[in-house]
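Structure, as structure tokens:
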Amino acid sequence: MIRLIKDTELRPKHIACLKKTSFWLLIEAIVNKKLVSDHCRKFDEVVVKVIKSYDEWTKSFRLGDKKVKLKDNHVKLIFGIFCGNEEIAETNISKEDTILANRFGIKEPRLTTTTMKEMIKQLKSSNKPKDISDVVRLLCLFLCVTLLFSTSGATVNWSFVYYMEDLVKVKQYNWAGAITDYLMKSIHKNLKELNELHGCSLLLMFWLCEHTKLHNKRMQVQFKDY
């Protein structure tokens, strides 16, 4: 995402449109180089220890002698996400149901990161309002597939394309809740097979710092054995 933002060379019209979305503060941090690649490296050892502290009965994590749940507000704070309360439901949206896929005549069964990057490259110099909006949609979708709702693949579910189509309405959806639910359901399901884990496991490192007051990224975190 950081490299894509740099290569896109966002212009004022893109910025103005991005500010209408739920993800502007996160993207702004990248644009202003407050968030760099070194900050986004996932230290698997730390993440695995957090996940292994998960208690299936209480659906919370054991941090020392406390059990703490990952909540929507934590995700809002960590990523600076603006969102409403309208649920993002798991829908059976197909490619044919999305305006973007029809407009660009996408042939692939799923929208891939490669296709998104190519489309952004083609549209980034255009001043047409629809093209500017599409660059913003694609950047937000790329953020979803590579970070917020990441999987083992490189494709985005068409339902996310559907929810991203109306940029005026994007902030009304509960993105923080969807990010939390997506990750927690995957942890609950794949606790014994972490290779199958989906979702934004990276946020667990920042969440851990918030709840243990560990702000030095070089500090080694020790967990009690349970």
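About its Cα centre, the chain has a charge dipole of approximately 720 debye under the convention of +1 per Lys or Arg Cβ and -1 per Asp or Glu Cβ, with nothing else charged.
Classify segment 71-139 from the C-alpha gyration tensor, please: rounded if a/c falls under 1.5, else prolate or oblate depending on whether a/b exceeds b/c. Oblate. From the Cα gyration tensor of segment 1-100, with a ≥ b ≥ c the square roots of its eigenvalues, which class applies: rounded if a/c is under 1.5, or else prolate if a/b is larger than b/c, or else oblate? Oblate shape, in that a/c is at least 1.5 and b/c is the bigger or equal ratio. Across segment 56-108 the C-alpha pair distances fall into 10 Å bins from zero in the proportions 17, 25, 28, 19, 10, 1 percent. Each Lys or Arg adds one and each Asp or Glu subtracts one; over the other residues with Cβ under 15 Å from the Cβ of residue 8, this totals +3. Between the helical axis of 113-123 and the longest alpha-carbon principal axis of the chain there is an angle of about 40 degrees.
For trypsin sites (Lys or Arg not before Pro), the sites in segment 67-125 that DSSP calls loop and that have at most 10 other Cβ atoms within 10 Å are 107. If each Cα of the chain is one equal point scatterer, what is log10 of I(q)/I(0) from the Debye formula at q = 0.09, 0.16 Å⁻¹? Taken in order of the listed q values, log10 I(q)/I(0) reads -0.39, -1.16.
For segment 116-179, the gyration tensor built on C-alpha atoms gives an oblate shape. Its axis ratio a/c (a ≥ b ≥ c) is at least 1.5, and a/b is not larger than b/c.
Quick note: the coordinates plus some simple rules give every number you see, no bench work behind them. What you see is a predicted model, and the numbers here were worked out from it, not measured in a lab. FYI the Cβ positions are ideal-geometry reconstructions off the backbone, even for glycines, and counts take in every protein chain you see.
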